[in-house]
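See below for the structure under consideration.
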Amino acid sequence: MTGESIAFFILALTAIAGGVMMINMSNVIHMVVALVFTFLAIAGIYITLSAEFVAAVQVLIYSGAITIIMLFGIMLTRHERMTEWKLPKMTVLLSGAGILVFFLIMFFGINRLSLGNPATDLHIDNTKKIGVELYSKYVIPFELTSVLLLVALIGAIVIAKRDDEKEAGK
Amino acid sequence: MVNDLLTSPPGWIHAAIFLGLGACLLVIVLGFVTYAILAERKVLGFMQLRPGPNRVGGRFGLLQTVADVMKLLIKEDTIPKAADKPLFVLAPVLAFAPAFMVLAAIPFSDHLKFSDLSIGLLYYIAISGITTVGILMAGWASNNKYSLLGGMRSAAQMISYEIPLVVSVVGVIMFSGSLNLTEIVEGQKTVAYMFLSPLGFIVFLISSIAELNRTPFDLPEAESELVAGYHVEYSGFRWAFFMLTEYVYLFAMAALTTVLFLGGWNPVPFLGFIPGIIWFALKFSLIVFFMIWVRGTMPRLRADQLMEFAWKVLLPVALLNIFVSAVVKELFLR
């Protein structure tokens, strides 16, 4: 067993444990904290794959920004404690069967999968490579995404502004 | 020495050596924190025409912080009954760990560095974001309205000022063509980036003070309105952790400013005989002094002014800085 696989097992376990805890906890804030650990573990897995740029972005966007937005959303809105409800037995059985089928398909699919010869030099200067690819091959999708984000940003401002005026009108 | 360690294949001995080096750094940082707090109190004292701490440990109060820490350690460790206990315990750890983690990326001199990350700058920015989660968590878990307000303010402020902070650095990245902090320092052999992108430097300095939650941006712990902000309910050792986080970030941010804008360990022209680490220490101390100076000079901002300032002043200036930097690079640095 190499150090790499040990690191992978620890990170994968953390990621899965975080996910399971997130589903099973009853307190919303605890769920978000569990989610943070999942995100961090996934960033760690990226590092074991020597994709450090993606790892840093994962931490920056997911563990940092998105988590905080979720926390704000939860804390600033009124939320009653969720009452636990019992699922009907049929639903549990059906979804269990669905999960089993999905697992089997994925398992055999992955077993049979061959990706050809893995690239050996992708980890060298990968930040630069991502930049070059983004601005040469994928420049149109990239620009379209930025326009989409800009539209979302302006939309958010417009919606917030409208609320403000209504309150002022009252 | 560290360069050899970083390039040779890893093993148990490496892990042990790095653990030892990390422990050394921790001790150095703790020493810095001890005397940074004393320096802050002394300098603020002089600015306000009073002597500052001058009893414990001789005329200059050299052991004042040590005594304060001792007092903190033997204080009762309280956890409020209505607090969310697991999060209450986890929050100081989640706030402090990133503060120490970011130090790994910072090169202190040509030979003294703990890593050579190709994305050093991005690593710093990404990891330091996790502290916000810790602070927000502390505010929420305390189950106290002042803590919650303080935590919220802190998170909102740190997110808002992170944007001008990151955008102001883009100029530096363009000049050096790298995210690696060592390469950024080496790119400043002839001229420091603070002269090439002065706008970026000013925006970075202001937003770094805001990121550190220091006066004039210390709304999260505005004692006149919020008692103490997100750490109202904390006492003893846990409270010490939040204080430690704050000062370790002061260390890290001053070091980062030195590396990005002041040329790191590069000497001032004609004074190259002085070793690099001393230059680093000098520039670093200058930044720390500046932070203390600002604290002694400026009054606190109002919450709405704070947000307006980040979005309506700093962000446009930072964007302008990108444009100006691109023009400067194309015209003069080809």
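Please treat every number below as a calculation from the coordinates, not as lab data. Keep in mind that what you see is a predicted model, and the values were worked out from it rather than measured. Here the Cβ is made from the backbone with ideal geometry for all residues, glycine too, and neighbour counts use every protein chain on show.
Worth pointing out:
- The Cβ shell under 10 Å around residue B:210 holds other residues with a net charge of -2, Lys and Arg each +1, Asp and Glu each -1.
- Shielding by partners, peptide B:77-86 (average Cβ within 10 angstrom, other chains): 1
- For a straight C-alpha distance cut-off of 18 angstrom, the lysines reachable from residue A:161 (same-chain residues fewer than eight places away being disregarded) are A:170, B:312.
- Residue exposure proxy: B:273, B:46, ordered by other Cβ atoms within 10 angstrom of their Cβ from fewest to most, comes out as B:273, B:46.
- Residue ranges A:64-73, A:3-12 sort as A:64-73, A:3-12 when ordered by packing (mean number of other C-beta atoms within 10 Å per residue, highest first).
- Counting only residues at least eight positions apart within a chain, or on another chain, the lysines with an alpha carbon under 16 Å from that of residue B:81 are B:145.
- Counting Cα-Cα pairs of the stretch B:93-168 in 10 Å increments starting at 0 gives whole-percent bin shares of 19, 39, 28, 11, 2.
- Packing-based order for A:98-106, B:170-178, A:127-135, using average beta carbon neighbours within 10 Å, highest first: B:170-178, A:127-135, A:98-106
- Straight-line reach from residue B:283: taking Cα to Cα under 19 Å and skipping same-chain neighbours fewer than 8 places apart, the lysines in range are B:113, B:189.
- Computed per residue of the protein assembly as shown from DSSP H runs no shorter than four, each worth -39500 (n - 2.57), the mean residue ellipticity at 222 nm is -23000 deg cm²/dmol.
- Ascending count of other beta-carbon atoms within 10 Å, so fewest first, for A:121, B:218: A:121, B:218
- Counting charges near residue B:64 (Lys, Arg +1; Asp, Glu -1) among other residues having Cβ under 12 Å from its Cβ returns a value of +3.
- Residue mean of other protein chain beta carbons inside 10 Å, B:132-139: 4
- Fewest neighbouring Cβ atoms within 10 Å first, the residues B:28, B:13, B:79 line up as B:13, B:28, B:79.
- Mean Cα-pair separation over length for chain A, i.e. relative contact order, pairs under 8 Å, 6 or more apart, %: 15
- Cα-Cα P(r), chain B, percent of pairs per 20 Å interval: 29, 59, 13, 0
- Distance from the Cα centroid of the stretch B:128-163 to that of the stretch B:54-94 is 20 Å (rounded to whole angstrom).
- Shape category assigned to the protein assembly as shown from the gyration tensor of Cα positions, a/c cut at 1.5: rounded
- Rounded if a/c under 1.5, otherwise prolate or oblate - chain A, Cα gyration tensor axes: oblate
- Within the shell of other residues whose beta carbon sits under 14 angstrom from the beta carbon of residue A:122, the net charge comes to -2, with Lys and Arg scored +1 and Asp and Glu -1.
- Rounded, prolate or oblate (a/c below 1.5 giving rounded, otherwise prolate when a/b exceeds b/c) for the stretch B:1-74 by Cα gyration tensor: prolate
- The mean number of Cβ atoms from other chains found within 10 Å of a Cβ in peptide A:125-132 is 2, as a whole number.
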